[in-house]
Amino acid sequence: MTANEADVREWFCREVLPFEAALLRYIRHNSRTSEDGPDLVHDVYEMVIAGARNGIPLNTKAYVFTVARNMLINRAKRQRIVSIELVADLETLPEQDRAFDAVRQLDARDALRQVQAGLERLSPRVREIVKLRKIYGLDVVETSARLGISKDAVNHQLSTGMKALADFMLGGSGKAVRKRYDRRARKEGEV
């Protein structure tokens, strides 16, 4: 059942706006950049209002914080950096604020376990590079400086590690396959 604009506006002012301070704290706590807090709050409001037009939710607080959580997760995915701390902090919400679907939560935990198992199959150097770049969010220059290797080596080993991890996640062996060049084939190509 769709709600009319006046009902949505009245519901928003009465039930959503009182959570603004808590919502801003939540976003600042779980976002990589706290300066974006007010902008993200308004983005959450936009999504909340759009959803309420299709029917006003029964549990407003859980709905608002679920929209905020999903927005932060989508933003983290777009940044292509998954922060383990961010995921852990999102799970510390009080029980009434969480509207987790049990099946989705179990699937996500299984996927995380599978990623951890795939990481363990990588060589120590490749595993360290994947963790530094994809989990801790270091860039190529920072990673190469920390490990004392060239930027090209970081990029090559990251590529190798991510391919092996994807292979493992898709049911393969997860072995890092390095290209081997046959000298004869190279010499024949040069002739």
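Tabulated results
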item	result
Selection status of Val130, modelled with pLDDT under 60 and either open to solvent by 80 Å² or more (accessible area, probe 1.4 Å) or of a type in the set (A, V, I, L, M) (or both)	no
Test: Ala164 is surrounded by 13 or more Cβ atoms within 10 Å (Cβ to Cβ), within 30 Å of Asp110 (Cα to Cα) and either touching a strand residue (DSSP E or B) at 6+ places or on another chain (Cβ under 8 Å) or at pLDDT 80 or above (or both)	yes
Selection from the stretch 1-42 of residues that are of a type outside the set (A, V, I, L, M, F, W, C) and closer than 12 Å to Val64 by Cβ	Glu15, Pro18, Glu20, Tyr26
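The values are calculated or read from the model by the stated rules, or taken from the named source; none is laboratory data. Given the structure is predicted, the values throughout are model-derived calculations rather than measurements. Positions of Cβ are generated from backbone atoms using ideal geometry, with glycine treated the same way; all protein chains shown enter the neighbour counts. Quick note on the areas: whole protein, heavy atoms, side chains included, nothing else; ligands and nucleic acids left out. Shrake-Rupley method; radii C 1.70, N 1.55, O 1.52, S 1.80 Å.
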